[in-house]
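Enquirer: Have a look at this one.
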Amino acid sequence: MGQFFTPRQIVEFMVDMVEPKRNHFILDPAVGSGGFLIFCMERVFDEIESLYRIRGLDNPKQEKRRFAINKLFGIDLNQRMTWVAKMNMVMHGDGHGGIFTYDGLRDSERIEPIIDVVNNRGGFDVILTNPPFGSKIKNQDVLTKFKLGRKKKTQLTEVLFIERCLKLLKSKGILGIVVPDSVLSNTSLHYVREFIDENAIWRAIISLPQETFMPYGSGVKASLLFLQKKDIGGQLKQEKIFKSTLDEVRQTKKRNVFISFSTDDETQVNLLRHQAKDNQFGIEFRDYSIKEPFNEKWKTNCKIRIEQTSALICMIGENTAQREAVIWEINEAYRQGKKVIGVRKHRDKDHPIPKPLLENNAPIVNWDLAAISKLLEDP
C-alpha cells in the first residue's frame, strides 16, 4: 500500500474542521504516527481546561485522562507505526491503549473495543484519516465484505476506506479523509460518488497543492474530503458544498508556538494561552512540557515538541531564570534554530531575565499579542 505521512498543517486544519469534543469517540483506521489523534486530544484538553475555569469541573486531570483512555482509537497494519503512535500518545497525554496493530480494512470489525463502540453507541462521532492510496486490493475474501468491492476483481484501497469509515461512523458522525482527486473527478469512479450520495452529506472539499506528498515520494494530487453520515430519519439535507484550496485556508491558520515557563506560573500561563487561542493574530500557545522530573526522558520528549513548533516563547516570571528546565528549553530552541522571544507576564521589570535570552539578545516584550505576532513574522 502507498503510505504517505500527513503534513502537520493539514492534520491541524482537518482537526479544526471537525471540532472534536470531550464527549466524542474518535477513530483513525490508518493511524500512522498518531497525528490526528494527538491533535484531537490536545483540542479536547483545551476544551476541558476552559470548562474547568468557566463551570468548575471537579477534576480536569481526571477528565483528560478519562477522555484519552476511553475515546481515542487508532488502527494500523504496520507494527512499527503503531509503536510510534503509542509513544507519541504517551508523550502528549496518553491514550495509547486504544492503538491496535491490525489491518484497518480487514480487521476493524474484529477489534473488541471497536465493536463495543459500534454496538453500544452506533459508531464513532469523528473519523479522521489519511489512508494508503494508489494500490489495489485483489483478495476476494476482503472485496466481498464491501459493497464497493463485490463483483470486482480489484478495488482501490482509498475507495474501500471510504466505505469502511462511513460504516464505522454513527448517524450524523463526521468523516475527514484525504483522497486522491481521481475519487472526486474520474468518470470511471462515478459509482463511488453515487455511494457517497446515498450514505452521506458532502460538507467540504479542500484541494491540496500538487506537491503536498512529494517529500514522501508521491506526486498524487489529493484533496481533503469532509462527509457527514446520513441519519435514519432523513433530517440531514445536502446543502451547498464548501470548496476551497489549502492556499486559501492557509492564511487563517494559527502558528503553533512552544511556551516555556516556570511551573509556579502555570495557572496564569494557561489563561494567556486561551486568550491567544481565538485571537485574530493567529498565535496558539499549545505546546509545552511538564517540567518534572527533569531527566533524559523529559529532554527527549521536550526536544520533539520544540521540533514541531515554529518558535519558543519564554514567559518571564519571578522564578523563571532559576529554573533549570526552562534554561534547557531555551538552549534547545536555539540549537534547533528556532526563533526565541521573551515575554513578561507583568509590566514589572524586576523579574530577572534567563541568561540564554540575554546572551542571544532575544527580543523582550510585554504581554501584547500584536507585538508578539509582529516579532513572529519578522525574519
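Enquirer: Short version: ³J(HN,Hα) in whole Hz for each residue of segment 140-148, in order, from phi by Karplus 6.51 cos²θ - 1.76 cosθ + 1.60 (θ = phi - 60°), x for Gly and Pro, what are they?
Expert: 5, 5, 7, 4, 5, 7, 10, 4, 7
Enquirer: Still on this structure, I have one more. For Lys221, which lysines qualify as cross-link partners when the Cα separation must be under 22 Å and same-chain residues fewer than eight apart are set aside?
Expert: Partners within reach: Lys136, Lys243, Lys253.
Enquirer: Kindly flag which residue pairs out of Lys145/Lys230; Lys71/Lys339; Lys303/Lys339 have an alpha-carbon separation exceeding 24 Å in this structure. Please list the in-between numbers first.
Expert: Details: Lys145/Lys230 21 Å; Lys71/Lys339 36 Å; Lys303/Lys339 15 Å.
Going by Cα-Cα distance, Lys71/Lys339 fall outside the 24 Å limit.
Enquirer: Ok, one more. Per-residue HN-Hα couplings for segment 40-52, Karplus 6.51 cos²θ - 1.76 cosθ + 1.60 at θ = phi - 60°, whole Hz, x for Gly and Pro?
Expert: Calculated HN-Hα couplings, in order: 4, 4, 5, 4, 5, 4, 4, 4, 5, 4, 5, 5, 4 Hz.
Enquirer: I would also like to ask the following. Ordered by residue, what ³J(HN,Hα) values in Hz, to whole numbers, does segment 303-316 give under the Karplus form 6.51 cos²θ - 1.76 cosθ + 1.60, where θ = phi - 60° and Gly and Pro are x?
Expert: 4, 5, 4, 5, 4, 8, 10, 8, 6, 10, 10, 9, 7, 8
Enquirer: Can you tell me how much longer the chain between Arg8 and Thr187 gets when fully stretched, taken as 0.36 nm per residue apart minus their C-alpha distance, in nm with one decimal?
Expert: That works out to 61.3 nm of additional length.
Enquirer: Name the residues whose placed amide hydrogens come within less than 5 Å of the amide hydrogen of Ala311, ignoring near sequence neighbours (fewer than 5 apart) on the same chain.
Expert: Phe258
No value in this document is a laboratory result; all are computed from the given coordinates. None of these values were measured; they are calculated from a predicted model.
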